[in-house]
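Here is the structure we will look at.
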Amino acid sequence: MAGSEKQGMAQALGALAPMLDASDNGIVIIDDKGMVLIYNRAAQNMLAPEAEPAVGRHLSEVRPEGWTDLKKILQTGRPQIGARIKFPSATIIANRNPILVEGRVAGAISVFQDISHYERIISELQGYQKLHRELEAIFETSHDGMYITDGAANTIRVNSAYERITGLKRENLIGKNMRELVADHVLDKSVTLDVLKKGVSLTIMQNITGGKQVMVTGNPVFDEEGNIVLVVTNVRDMTSLNQLRGKLEESRLLSARYHQSLFELEQFEHVLQDMVVKSNAMVRVVQKAVKAAAVEAVVLLSGESGVGKSMLARIIHQMSPRQEGPFVKINCGAIPETLMESELFGYTKGAFTGAAPAGKAGLIEAGHGGTVFLDEVAELTPAMQVKLLEVIEEHTFTRVGGTGPTKVDVRIIAATNRDLKALVAEGGFREDLYYRLNVVPINLPPLRQRREDIPELCLRLLEHSNQVPGGKKRLEPEVLDALMRYDYPGNVRELLNIVERMAIMSEGEAITLADLPGELKRSPSAGQAFLPGQGLKEAVAALEVQVIKSVLEKQPSLNQAARALGVHPSTLWRKMTKYALHK
């Protein structure tokens with residue numbers, strides 16, 4: 001470039017300098033030799049605030065790192081756009097172009113901008129984006145449902161777990177107000193509305209349309225002024241949890257039933273040590289007794305005299321939680337009526353003429369902490385029935401001559417050989433006392449209805465009798481058959497007397513038909529199985545006919561007769577057909 005041209009360009013640029021200084025972009029202009037013509041204020045501030053003025057100096061002295069690129073532009077005439085250059089004081093983006101005059105490169109211009117501030121913003125944005133992605137991942141991968149509303153209860157966000165748990169779709173929820181969702185019965189209630197109202201974290205149970213039940217916890221998010229700007233709700237599915245709880249409860253109940261069954265079996269085995277239980281009828285009796293022993297309920301034992309009510313009452317006590325306490329047996333029929341109150345409930349000092357000076361505790365009080373067995377309870381006088389009712393209901397009684405009640409802790413087991421319900425109808429027994437006694441009724445069948453127990457009873461009774469010195473008695477088979485056919489009006493007590501009498505009166509070790517008591521020899525069925533010439537099969541058939549006929553005569557229906565015999569009704573019908581028997 002000629003000197004006059006350079007001078008003219010320099011003068012023109014010099015006139016533009018004030019305007020170029022007003023630009024926020026840095027502007028550097030050099031001539032074709034690299035001499036700085038323009039170096040505006042923005043360039044000075046960006047690149048070298050403390051440096052000497054650059055105009056009139058060679059660019060290589062001012063910005064060596066910039067001269068290299070501009071030199072190429074001067075040589076090639078090709079521009080350089082968007083060059084990113086990092087200086088110690090700034091990072092810039094520069095556009096560099098050649099200045100062409102009549103087709104020749106007369107210089108170069110570099111316009112650049114400091115992007116350090118933007119880079120910091122971008123860095124922060126990238127950090128926020130990363131944090132957003134992390135929070136989004138946490139939000140979406142949470143196993144619990146997440147539901148977010150703004151401070152006006154409008155739905156903002158819903159995660160996938162919430163959709164899975166509730167069956168609701170986010171596109172049907174986002175933008176909806178919680179009040180609207182409750183009004184439409186999508187939800188039965190909203191914890192968000194409660195949190196907005198009370199301003200604290202809350203947890204409630206919530207029912208979702210479709211039968212889902214969830215537990216929701218709402219947490220408020222406050223701004224700097226203390227206003228709720230968000231409500232974040234955590235949602236847990238209680239449907240499956242309730243199902244698991246139900247299954248656990250079923251398992252616990254099943255385990256409890258197994259435990260109870262094992263306990264009852266163990267108790268049943270315990271009873272077998274004291275009682276003979278071979279017949280189905282007695283099995284059912286003992287099963288009821290085992291169950292009754294485990295609770296504190298009043299037990300009423302009924303049955304004919306001699307069936308073993310007293311023994312069963314003592315066994316129930318021994319199996320009960322009160323087994324360490326006393327067992328007091330009271331035979332209500334053996335106490336004179338005039339002494340019944342003082343015997344049962346005691347009396348105070350000077351209660352009546354002849355009373356012990358210090359008074360006396362009654363039999364009921366003697367059973368404190370244990371069991372009181374009232375045998376022949378139907379024989380209680382009306383006045384004693386009232387006092388017994390007080391013991392059962394209030395656990396108190398008043399001694400004869402006393403002025404205040406006495407507390408007593410006893411379990412009552414009652415027994416009778418009479419029909420208490422019929423007595424109530426006749427007015428001979430209090431109805432309220434009957435129902436208080438009849439909580440757990442257990443009926444003991446007579447021996448004639450459980451003949452399967454007779455052989456085992458005979459063997460045990462004979463074994464007990466043989467414990468005396470020299471005792472070696474044994475029953476001949478035909479004697480046992482005769483004992484099986486007898487009806488025993490006196491039940492087990494009568495069988496005990498018969499076996500004991502035969503053991504005493506028999507001459508040799510074997511007890512034979514000759515040793516049978518007269519009532520057994522006179523029995524219509526006695527000896528029928530031992531006719532001359534009969535074999536065992538015929539004898540057994542004859543005995544079976546006699547037993548079936550006897551039961552059919554006493555029972556009102558075939559089903560009841562079958563139950564008494566311990567067989568299925570169809571089995572009884574086949575045997576009746578076989579032996580040509582009729583009801």
Next on the checklist: Taking 0.36 nm per residue of sequence separation and subtracting the Cα-Cα distance, how much length would be gained by fully extending the chain between E134 and T217, in nm to one decimal?
Outcome noted: 27.6 nm
Next on the checklist: Test of understanding: what is the full-extension gain from E456 to N154, defined as 0.36 nm times their sequence separation minus their Cα-Cα distance?
Outcome noted: 100.4 nm
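Would you mind working out the magnitude of the charge dipole of segment 142-241 relative to its Cα centre, with +1 at each Lys and Arg C-beta and -1 at each Asp and Glu C-beta, to the nearest 20 Debye?
300
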Checklist entry - Amide H neighbours of T406 under 5 Å, counting only residues 5+ apart in sequence or on other chains, H built in-plane at 1.01 Å? => result F397, T398, R399
Next on the checklist: If R₀ is 25 angstrom, what is the calculated FRET efficiency for the pair M505 and L339, using the beta carbon separation as r and rounding to 0.05?
Outcome noted: 0.05
Checklist entry - Just for the chain, what percent of DSSP beta bridges are antiparallel, to the closest 5? => result 75
Next on the checklist: Suppose each label sits 7 Å from its Cα in the direction of the beta carbon; what would the H185-T209 distance come out to in nanometres?
Outcome noted: 0.9
Next on the checklist: For semi-axes √(5λ) of the Cα gyration tensor in Å, pick the label among (1) 116, 33, 22; (2) 54, 38, 33; (3) 41, 36, 22 that corresponds to the value derived from the coordinates.
Outcome noted: (1)
Item to check | 5 angstrom amide H check on T91, placed H, neighbours 5+ away | outcome: I115, S116
Checklist outcome for this item: In this structure, the FRET efficiency calculated for I174 and I115 from their beta-carbon separation, with R0 = 41 Å, to the nearest 0.05, is 0.60
Item to check | Convex hull per residue volume in Å³, alpha carbons only, for segment 294-445 | outcome: 110
Checklist entry - If the cut-off is 16 Å between C-alpha atoms, which lysines fall inside it for K278, apart from same-chain ones fewer than 8 positions away? => result K288
Next on the checklist: Given a Förster distance of 35 Å, report the FRET efficiency between S89 and A22 from their Cβ-Cβ distance, rounded to the nearest 0.05.
Outcome noted: 0.95
Checklist entry - Which of the lysines could a cross-linker bridge to K212, judged by Cα under 27 Å and excluding same-chain residues fewer than eight apart? => result K169, K176, K189, K197, K198, K247
Checklist entry - In nm, to one decimal, how far is the Q467 label point from the E544 one, both placed 7 Å along Cα→Cβ? => result 3.8
Checklist entry - For the pair T571 and T348, how long in nm is the line joining their label points, each one 7 Å along Cα→Cβ? => result 6.3
Checklist entry - Highest mean first, what order results for 319-325, 296-302 on Cβ atoms within 10 Å? => result 296-302, 319-325
Item to check | Structure-based [θ]222 nm, the chain - -39500 (n - 2.57) summed over DSSP H runs of at least 4, per residue, nearest 500 | outcome: -14000 deg cm²/dmol
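Computed from the coordinates by the stated procedures, all read-outs in this text should not be read as laboratory data. Just so it is clear, the model here is predicted, and its values are computed rather than measured. Note that we place each Cβ from the backbone using ideal geometry, even for glycine, and neighbour counts take in every protein chain shown.
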